[in-house]
Amino acid sequence: GLDKVADEEDVALAYPAGLDGSWNAGTCCGGSRTQHIDDVGFLVHVVDVVAQVRPIDRNRVYIAGFSNGGMMALKAACERPDVFAAAASVGGTLQSACLGRRPVSALLLNGKLDATVPYAGTAHSQYLNAALTPVPVAIRRLARRSGCVAVRTKSSFRHLTSTYRGCAPGTALTLVTAPRLGHHWPTAAKDRIDGERIVWTFLSAQRRRPTRWLTQL
């Protein structure tokens, strides 16, 4: 559904592909991880290539992914906040340490019925051959990185939205939890959850902070 969003919003959209369908998102997953592929460097290069094809606002570059791709989006935003203004992870979790002083804006959208990337995490996933971070732990780790001090949760018919407060200026952090959602990208038709619209609404509101402002933190 992101093609439609891109057409409506006049957004340059790229679909990079990882090695053998995998991304090195830290402790997961597949050949990209075991071969120590520099996927963050690759994704930064993709941004540079897109910028050569058409003019883009380098302060409004976003990264989003599903499952292992969501893990990769979070890692890329953690390691290169100078490139990515925000990340969105659907059906993924944080598999990297996310160290650093610069705040990070991120959206996590996860289902409680997800058996592939369990909401509660797992000590060992046979499918992904890795320990998977519980989603609540992932969001708390991101909150510490961005200095968030409080959270407000509001419920709707299909999901809960937890919005973090007191984060570093210009930083946003949101967790959307869908009790009936499994391991797939949610759609309005199937799940009554418009995944691409939730993702784009969050991302489009973010803007990369100038380097001068970041050095003053």
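The values are calculated or read from the model by the stated rules, or taken from the named source; none is laboratory data. No experiment lies behind these values; they were computed from the predicted model shown. Ideal geometry is used to build each Cβ from the backbone, glycine not excepted, and the neighbour counts take in all protein chains shown. Just so you know, the surface numbers come from the protein's heavy atoms only, side chains and all, with ligands and any DNA or RNA stripped out. Shrake-Rupley method; radii C 1.70, N 1.55, O 1.52, S 1.80 Å.
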Taking every alpha carbon pair in the chain and sorting the distances into 10 angstrom bins from 0 up to the bin holding the longest one, the percent per bin comes out as 8, 36, 39, 16, 1
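Over the range 1-152, what is the relative contact order in whole percent, taking alpha-carbon pairs under 8 Å and six or more residues apart? Provide the component values of the computation, followed by the final result.
Working: 263 pairs, mean separation 26.4, N = 152.
That works out to 17 percent.
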Expected unfolding gain across Asp7-Arg158 under the 0.36 nm per residue rule, minus the alpha-carbon gap, is 51.7 nm
Sparse-neighbourhood loop sites, trypsin sites (Lys or Arg not before Pro) in the range 140-185 - DSSP loop, at most 13 other Cβ within 10 angstrom
Arg180
Which of the lysines could a cross-linker span from Lys154 if the Cα-Cα distance has to be under 22 Å and same-chain partners fewer than 8 positions apart are dropped?
Lys112
Which percent of the accessible heavy-atom area of the chain goes to carbon and sulfur, probe 1.4 angstrom?
52 percent
Rounded to whole Å², per residue accessible area for the chain with a 1.4 Å probe reads 50 Å²
How far, in nm, would the chain grow between His45 and Thr187 when pulled straight, counting 0.36 nm per residue and subtracting the alpha carbon separation?
48.1 nm
Computed from the beta carbon distance with a Förster radius of 25 Å, FRET efficiency for Gln126 and Leu99 to the nearest 0.05 stands at 0.30
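Express as a percent, rounded to the nearest 5, the fraction of DSSP beta bridges in the range 65-217 (both residues included) that run antiparallel. Kindly include the intermediate steps, with their values, before the conclusion.
Details: 12 of 24 bridges.
Percent antiparallel among DSSP bridges in the range 65-217 is about 50.
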When 1/r is averaged over all different Cα pairs and the result inverted, which Kirkwood radius in Å belongs to the range 89-217?
15.5 Å
For the chain, which cysteines have no disulfide-compatible partner, meaning no other cysteine Cβ under 4.7 Å?
none
In whole Hz, what ³J(HN,Hα) sequence does the range 37-46 give by Karplus (6.51, -1.76, 1.60; θ = phi - 60°), x for Gly and Pro?
5, 7, 6, 4, x, 4, 5, 4, 5, 4
Note to self, the chain gives a 222 nm [θ] from helices alone (DSSP H runs n ≥ 4, -39500 (n - 2.57) apiece, / all residues, nearest 500) of -9000 deg cm²/dmol
